[in-house]
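**Q** Below is the structure I would like to discuss, written out as structure tokens.
The values are calculated or read from the model by the stated rules, or taken from the named source; none is laboratory data. As the structure is a computational prediction, the values presented were derived from the model and not from experiment. Methodologically, a virtual Cβ is constructed for each residue, glycine included, from the backbone with ideal geometry; neighbour enumeration extends over all protein chains shown.
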């Protein structure tokens, strides 16, 4: 990673009629960095992603990606970026090899070079065995790897990933992220959007976004330090009543799917005091280091899960 | 140029692997010619054979028009499933994407129309080589015009359910106005005025001129009108593709 910006956004705004989707985004991503944009559904991630990836024009502000203006120099910029979209972007009836070959032609490669490049990617990404198979007949994980191969056809300097492992099982995700780490290890830059903290965690830096604004930006540890203590999780016989009692006693509980979350400066000391005085039966009590979820909770009073994560994903291993 | 060829190659490859679409596109013009020609020809003063000759260019136009516009539906489908985004982020000038789509749609429309061309001897239509070349040239120009119409329209749609409904609502009146099935000279004034605004009219007239040897409009005028439509519609499609997700 070096301190030359791969991507710079300055005072970006995007409006869709009355909806103000982005409200003044300032951002810099360094070359060789893996950067994550983390926020719940509807936070403005895909809008920002689409502007930086040349698919949308901002209403105000500017963005430069790899030294190119993201609005005025789109064709030059498109030669240097690769994108893995949230939705599948493969022609299902064509073979995997043809999908990659045609994308090579779209990137201006001569036919022979495009064929060689497709072959290299199939081999690198472990897709040689399914090269002749129709893309629609692949498993979810294989499709994602083909999408990644498609994004790498033009040998991009910067890779955009928009919720790239949405819906994948644990093994498929692990394979996918291994490829991404290999790409970053080779000097590439990654800009990813996600609403899963475990996907954002391996990034060098993370920006938390909500309601079109960047709330915090830093390394995962920097962000966790912002919580300023530890987190208590309490599940009681009646969480609503427990929350009222805790508020009346100077705490700030936040409801979550797993129980009440409390950020405490000295959680190990606070826990026995609370358990001793709480006039309700406690079903579970945990103390843990702050997570990115806790940072988001502290900054917004809401959880990332407000975007309704599929249960299978929550049990997934870290990428 | 490579981008343009990539767009065309992608669409043709997709047509080739989609055998159902390919075969149904080949059968459709035969139905148009023999069902429509026999049905209407029986009651025509021109007689069955004379009427078949008369409507042959009209049937060519019908086949080209519907095949070209429905080839453009792939754009709507691609937008709906997200595939269009992968094309739009490729470093291909937007005009090359629009033109590539127009040309691939025209080629897809010309495939079934070629079947009709092969049937010429069966209709006892004996065209001299210059007339045949003239007819083929007119067919190509008509196919490109209709494809440009389809692409410019489809580029704005997001739903594969709505696009065919709207297309049919527009295409059928365009076809009926064009004089494909009857001589415009005998039509009421209001219909003739509307026909002047319809690109299908000029395409049919060029093809009919090649087949029967007489034109309702000066051929140069028809050529200019169709070329104008192609440029304007391709420009409109280019603008939509340039707007990306802002459309």
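**Q** May I ask you to say which residue of A:207, A:216, A:237 is out of contact with any helix residue (DSSP H, G or I) (no Cβ under 8 Å at 6 or more places or on another chain) and surrounded by fewer than 21 Cβ atoms within 10 Å (Cβ to Cβ)?
**A** That would be A:237, the only listed residue that is out of contact with any helix residue (DSSP H, G or I) (no Cβ under 8 Å at 6 or more places or on another chain) and surrounded by fewer than 21 Cβ atoms within 10 Å (Cβ to Cβ).
**Q** Another one. Suppose we keep only residues that are under 17 Å from residue A:267 (Cβ atoms) and in contact (Cβ under 8 Å) with a residue 12 or more places away in the chain within the range A:240-257. Which one would you say is surrounded by the most Cβ atoms within 10 Å (Cβ to Cβ)?
**A** This residue is A:242.
**Q** Taking the range A:129-141 as the region of interest, how many residues are part of a helix (DSSP H, G or I) and either more than 9 Å from residue A:96 (Cα to Cα) or within 27 Å of the chain's Cα centre (by Cα) (or both)?
**A** Final tally of qualifying residues: 6.
**Q** Hey, another quick one. Within the range A:101-125, restricting attention to residues that are more than 14 Å from chain B (Cβ to nearest Cβ) and in contact with a helix residue (DSSP H, G or I) (Cβ under 7 Å, 6 or more places away or on another chain), which residue is nearest to residue B:96 (Cα to Cα)?
**A** A:121
**Q** May I ask you to list the residues in the range B:11-33 that are assigned to a helix (DSSP H, G or I), more than 17 Å from the chain's Cα centre (by Cα) and within 14 Å of another protein chain (Cβ to nearest Cβ)?
**A** Result: B:13, B:14, B:16, B:17, B:19, B:20.
**Q** Which members of the range B:68-103 meet the condition of being without any contact (Cβ under 8 Å) to a residue 60 or more places away in the chain and at negative phi?
**A** B:78, B:81, B:83, B:84, B:86, B:89
**Q** Report, by residue number, each residue of the range A:53-69 that is closer than 25 Å to residue A:187 by Cα, in contact with a strand residue (DSSP E or B) (Cβ under 7 Å, 6 or more places away or on another chain) and within 11 Å of another protein chain (Cβ to nearest Cβ).
**A** Within the range A:53-69, just A:53 meets the criteria.
**Q** Considering A:32, A:44, A:82, A:104, which residue is in the same structural domain as residue A:186 (by TED's automatic domain parsing) and more than 29 Å from residue B:77 (Cβ to Cβ)?
**A** Going through A:32, A:44, A:82, A:104 in turn, just one is in the same structural domain as residue A:186 (by TED's automatic domain parsing) and more than 29 Å from residue B:77 (Cβ to Cβ): A:32.
**Q** Between residues in the range B:224-247 that are closer than 23 Å to residue B:65 by Cβ and within 14 Å of chain A (Cβ to nearest Cβ) and residues that are outside any helix (DSSP H, G or I) and at pLDDT below 95, which pairs lie under 6 Å by C-beta distance while being six or more apart or on different chains?
**A** Every condition considered, the pairs that remain are B:240/B:155; B:240/B:156; B:240/B:247.
**Q** Quick test for you: out of B:203, B:169, pick the one residue that is more than 14 Å from every other protein chain (Cβ to nearest Cβ), at pLDDT 90 or above and assigned to a helix (DSSP H, G or I).
**A** B:203 is the lone residue from the list that is more than 14 Å from every other protein chain (Cβ to nearest Cβ), at pLDDT 90 or above and assigned to a helix (DSSP H, G or I).
**Q** Continuing with the same structure: Here are some residues: A:115, A:174, A:150. Which one is farther than 30 Å from residue A:198 by Cα and out of contact with any strand residue (DSSP E or B) (no Cβ under 6 Å at 6 or more places or on another chain)?
**A** Result: A:115 is the single residue among A:115, A:174, A:150 that is farther than 30 Å from residue A:198 by Cα and out of contact with any strand residue (DSSP E or B) (no Cβ under 6 Å at 6 or more places or on another chain).
**Q** Now for a separate question. If you scan the range A:70-100, which residues turn out to be farther than 28 Å from residue A:31 by Cα and either modelled with pLDDT of 90 or more or at the interface with chain B (Cβ under 8 Å from one of its Cβ atoms) (or both)?
**A** A:90, A:91, A:93, A:94, A:95, A:96, A:97, A:98, A:99
**Q** Here's something else I'd like to know. Having 2 or more residues that are modelled with pLDDT of 90 or more and more than 14 Å from chain A (Cβ to nearest Cβ) is the bar; report the helices (runs of 4 or more DSSP H) wholly within the range B:70-160 that clear it.
**A** Result: B:94-118, B:129-154.
**Q** Consider residue A:302 carefully, then state whether it is over 28 Å from residue A:171 (Cβ atoms) and either at pLDDT 60 or above or not in a helix (DSSP H, G or I) (or both).
**A** Yes: the conditions hold for residue A:302.
Residue-by-condition table, conditions (1) modelled with pLDDT of 85 or more; (2) outside the structural domain of residue A:37 (by TED's automatic domain parsing); (3) over 22 Å from residue A:127 (Cα atoms); (4) buried (at least 22 other Cβ atoms within 10 Å of the Cβ):
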| residue | (1), (2), (3), (4) |
| --- | --- |
| A:188 | yes, no, no, no |
| A:192 | yes, no, yes, yes |
| A:196 | no, no, yes, yes |
| A:211 | yes, no, yes, no |
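**Q** Return the only residue of A:136, A:142 being assigned by TED's automatic domain parsing to the domain that holds residue A:21, touching a residue at least 12 places away in the same chain (Cβ under 8 Å), surrounded by fewer than 16 Cβ atoms within 10 Å (Cβ to Cβ) and over 30 Å from residue A:24 (Cβ atoms).
**A** A:136
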